[in-house]
Amino acid sequence: MTNIKEEKPSEDQHKKRATFKRVQSDKHRLYYASNTQVKGSFFDIRVIAGEIVPSDNDEAVFREDVSVVFSPQHAKAVLGLLKQQITDYEKKYGDIPTLKNALAINVDVQ
(Lines give C-alpha, C1' and ligand atoms only; values in the text may rest on other atoms or scores of the structure.)
Protein backbone atom coordinates (compact mmCIF):
# COMPACT_ATOMS: atom_id res chain seq x y z
CA MET A 1 0.00 0.00 0.00
CA THR A 2 1.35 3.40 -0.97
CA ASN A 3 1.13 6.31 1.43
CA ILE A 4 0.02 9.52 -0.26
CA LYS A 5 1.25 12.61 1.49
CA GLU A 6 -1.18 15.49 1.34
CA GLU A 7 0.59 18.76 0.74
CA LYS A 8 -0.89 21.93 2.12
CA PRO A 9 -0.46 25.14 0.11
CA SER A 10 2.28 27.40 1.39
CA GLU A 11 1.53 30.88 2.69
CA ASP A 12 2.99 32.36 -0.52
CA GLN A 13 0.60 30.24 -2.60
CA HIS A 14 -2.34 31.59 -0.58
CA LYS A 15 -1.22 35.17 -1.28
CA LYS A 16 -1.03 34.65 -5.06
CA ARG A 17 -3.93 36.04 -7.02
CA ALA A 18 -5.01 35.17 -10.49
CA THR A 19 -4.12 37.78 -13.06
CA PHE A 20 -6.45 38.78 -15.85
CA LYS A 21 -5.85 40.52 -19.12
CA ARG A 22 -8.68 42.53 -20.62
CA VAL A 23 -9.03 42.69 -24.39
CA GLN A 24 -11.75 44.31 -26.49
CA SER A 25 -13.55 42.04 -28.88
CA ASP A 26 -14.23 43.09 -32.45
CA LYS A 27 -17.90 43.26 -31.44
CA HIS A 28 -17.29 45.84 -28.68
CA ARG A 29 -19.46 48.95 -29.05
CA LEU A 30 -19.81 52.11 -27.00
CA TYR A 31 -23.33 53.47 -26.51
CA TYR A 32 -24.51 56.67 -24.88
CA ALA A 33 -27.73 56.36 -22.88
CA SER A 34 -29.94 59.20 -21.78
CA ASN A 35 -32.67 56.80 -20.73
CA THR A 36 -32.57 53.37 -19.14
CA GLN A 37 -35.24 50.82 -18.35
CA VAL A 38 -34.77 47.87 -16.01
CA LYS A 39 -36.95 44.78 -16.20
CA GLY A 40 -36.66 41.61 -14.18
CA SER A 41 -37.88 38.07 -13.93
CA PHE A 42 -37.04 35.18 -11.65
CA PHE A 43 -34.21 34.18 -13.99
CA ASP A 44 -32.64 37.43 -15.14
CA ILE A 45 -32.48 41.21 -15.01
CA ARG A 46 -32.55 43.12 -18.28
CA VAL A 47 -31.17 46.63 -18.69
CA ILE A 48 -32.41 48.41 -21.81
CA ALA A 49 -30.52 51.59 -22.67
CA GLY A 50 -31.03 54.19 -25.34
CA GLU A 51 -31.86 57.78 -26.00
CA ILE A 52 -34.97 59.89 -26.01
CA VAL A 53 -34.98 61.33 -29.52
CA PRO A 54 -36.93 64.18 -31.10
CA SER A 55 -40.10 63.41 -33.01
CA ASP A 56 -42.44 65.38 -35.25
CA ASN A 57 -45.27 65.38 -32.72
CA ASP A 58 -45.62 65.62 -28.94
CA GLU A 59 -44.70 61.97 -28.52
CA ALA A 60 -41.54 61.07 -26.59
CA VAL A 61 -39.61 58.45 -28.55
CA PHE A 62 -37.31 56.16 -26.64
CA ARG A 63 -34.89 54.59 -29.10
CA GLU A 64 -33.67 51.30 -27.64
CA ASP A 65 -30.02 50.95 -28.61
CA VAL A 66 -28.85 48.03 -26.48
CA SER A 67 -30.12 45.43 -24.03
CA VAL A 68 -27.87 43.74 -21.50
CA VAL A 69 -29.18 40.69 -19.67
CA PHE A 70 -27.67 39.74 -16.29
CA SER A 71 -28.20 36.86 -13.92
CA PRO A 72 -29.57 38.21 -10.61
CA GLN A 73 -26.22 37.38 -8.98
CA HIS A 74 -24.25 39.31 -11.60
CA ALA A 75 -26.69 42.24 -11.45
CA LYS A 76 -26.19 42.45 -7.67
CA ALA A 77 -22.42 42.45 -8.12
CA VAL A 78 -22.71 45.22 -10.74
CA LEU A 79 -24.93 47.21 -8.36
CA GLY A 80 -22.18 47.08 -5.74
CA LEU A 81 -19.60 48.25 -8.28
CA LEU A 82 -21.84 51.12 -9.43
CA LYS A 83 -22.45 52.21 -5.83
CA GLN A 84 -18.70 52.26 -5.19
CA GLN A 85 -18.04 54.26 -8.38
CA ILE A 86 -20.70 56.85 -7.41
CA THR A 87 -19.29 57.10 -3.86
CA ASP A 88 -15.76 57.61 -5.21
CA TYR A 89 -16.99 60.18 -7.78
CA GLU A 90 -18.88 62.20 -5.15
CA LYS A 91 -15.90 62.18 -2.79
CA LYS A 92 -13.76 63.62 -5.55
CA TYR A 93 -16.20 66.00 -7.29
CA GLY A 94 -19.10 66.60 -4.88
CA ASP A 95 -22.69 65.41 -4.76
CA ILE A 96 -24.38 64.43 -8.00
CA PRO A 97 -27.75 66.15 -8.26
CA THR A 98 -30.65 63.77 -8.87
CA LEU A 99 -33.84 64.36 -10.78
CA LYS A 100 -36.47 64.58 -8.06
CA ASN A 101 -39.20 62.95 -10.12
CA ALA A 102 -37.07 60.69 -12.32
CA LEU A 103 -38.75 57.55 -11.04
CA ALA A 104 -42.21 59.09 -10.85
CA ILE A 105 -42.55 59.95 -14.54
CA ASN A 106 -45.60 58.22 -15.93
CA VAL A 107 -45.17 57.40 -19.59
CA ASP A 108 -47.35 55.17 -21.73
CA VAL A 109 -45.03 52.90 -23.70
CA GLN A 110 -46.44 51.45 -26.90
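Accessible area, 1.4 Å probe, largest first: how do L30, L99, L82 sort?
Sorted by accessible area, descending: L30, L99, L82.
In square angstrom, rounded to the nearest 10, how much accessible surface does K16 have for a 1.4 Å probe?
About 150 Å², ignoring ligands and nucleic acids.
Whole-Hz Karplus ³J(HN,Hα) for segment 38-52, in order, using 6.51 cos²θ - 1.76 cosθ + 1.60 and θ = phi - 60°, x for Gly and Pro?
Listing the rounded values in order: 10, 10, x, 9, 4, 9, 7, 10, 10, 10, 10, 10, x, 10, 8 Hz.
Hey, can you find the accessible area per residue of segment 9-91 for me, probe 1.4 Å, expressed in square angstrom?
Accessible surface, normalised per residue, equals 94 Å².
Filter K16/K39; K27/K92; K39/K83 down to the pairs with a C-alpha to C-alpha distance above 29 Å, please. Spell out each step's value before the answer.
On the way: K16/K39 39 Å; K27/K92 33 Å; K39/K83 19 Å.
Listed pairs above 29 Å: K16/K39; K27/K92.
Per 0.36 nm of contour for each residue apart, how much would the distance between L81 and A18 grow if the chain were fully extended, relative to their Cα-Cα spacing?
20.7 nm
Please report the carbon-and-sulfur percent of the accessible area for segment 24-102; probe 1.4 Å, protein heavy atoms only, DNA, RNA and ligands left out.
55 percent
The values are calculated or read from the model by the stated rules, or taken from the named source; none is laboratory data. Bear in mind the structure is a predicted one, so any value in this text is a computation, not a measurement. Only protein heavy atoms, including side chains, enter the accessible area calculation; ligands, DNA and RNA are left aside. Shrake-Rupley method; radii C 1.70, N 1.55, O 1.52, S 1.80 Å.
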